[in-house]
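Novice: Okay, here's the structure, questions in a sec.
Values quoted throughout were computed directly from the atomic coordinates according to the rules given, and no laboratory measurement underlies them. Computed from a predicted structure; not experimentally measured. Here the Cβ positions follow ideal geometry from the backbone for every residue, glycine too, while neighbour counts run over all protein chains shown.
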């Protein structure tokens, strides 16, 4: 989906060869992400190879077919519900993560949908269509808690998980508000309000907040124009 969305963005702004620009953009940002994530490791490492050359490349090929795009758009209502990337005073990135949602109509009612939220973690639940534009969704699942080294020479880890719950409000399948609760210590509660809810003239900020179990709080604000900015309160 990311490939298709960026391709349409390049098309809208008049770029030549939008498919090439979109694929190149994906390759560059994912390569930079994997480089930082692996922190100079030079041994056997399956993760970045699989992410870039199997999942990314496979996704580009798959979503190059109109029938596939139509199925995911009209039948599954696939949407990008990623977080709001922000920089903090400590020089760290917070609230960055790529997530997607699927809402598949059930035979129970035209208003009730099977709901699946996935990315860096996964939630399964239900979605209820309030009217022609608005919907609420809720899901429960697992998320990563920590990684334990199994074999350092081959970059193998054992993933420990914990519970995770999310509630969402969207308009025309565009996420407007979300709140998460989890078994994590550092990210016990996350509240996320996207631009479009709070408005002042032509300015619409997107505030977000992270609560830790030890009482620490990270508060940030994002905009549609640039990455957001956050502050940590102890």
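Novice: Between residue 231 and residue 39, how many nm apart are label points set 7 Å from Cα along the C-beta direction?
Specialist: Simple spin-label model gives 3.0 nm for this pair.
Novice: Further question on the same structure: Running a GNM on the chain with Cα contacts under 10 Å, which residue among 207, 107, 18 ends up with the highest mean-square fluctuation?
Specialist: Result for the chain, Cα springs under 10 Å: 107 fluctuates most.
Novice: Now for a separate question. Please label the shape of the stretch 1-75 as rounded, prolate or oblate, based on the square roots a ≥ b ≥ c of the eigenvalues of the alpha-carbon gyration tensor (a/c under 1.5 means rounded; beyond that, a/b larger than b/c means prolate, else oblate).
Specialist: In terms of gyration-tensor shape, oblate.
Novice: Next question. For the chain, set up a GNM with springs between Cα atoms under 10 Å and report which of 181, 203, 115 has the largest fluctuation.
Specialist: Largest GNM mean-square fluctuation: 203.
Novice: Which of 114, 27, 180 moves most in a GNM of the chain, Cα contacts under 10 Å?
Specialist: Looking only at 114, 27, 180, the largest GNM fluctuation is found for 27.
Novice: Classify the chain as rounded, prolate or oblate, taking a ≥ b ≥ c as the square roots of the eigenvalues of its Cα gyration tensor: rounded when a/c is under 1.5, otherwise prolate if a/b is larger than b/c and oblate if not.
Specialist: The shape class here is rounded.
Novice: Using only the alpha carbons of the stretch 116-196, what is the convex hull's orientation-averaged projected area in square nanometres?
Specialist: Approximately 6.4 nm², given one-decimal rounding.
Novice: So how much slack lies between residue 126 and residue 140, counting 0.36 nm per residue of separation and subtracting their Cα-Cα distance, in nm?
Specialist: Contour length minus the Cα-Cα distance gives 4.1 nm.
Novice: Just to be sure I understand the curve: with the Debye formula and one point per C-alpha of the stretch 21-143, what is log10 I(q)/I(0) at q = 0.20 Å⁻¹?
Specialist: These q points yield log10 I(q)/I(0) values of -1.27.
Novice: Can you compute the modelled spin-label distance between residue 167 and residue 203, with each label point 7 Å from Cα toward Cβ, in nm?
Specialist: 3.0
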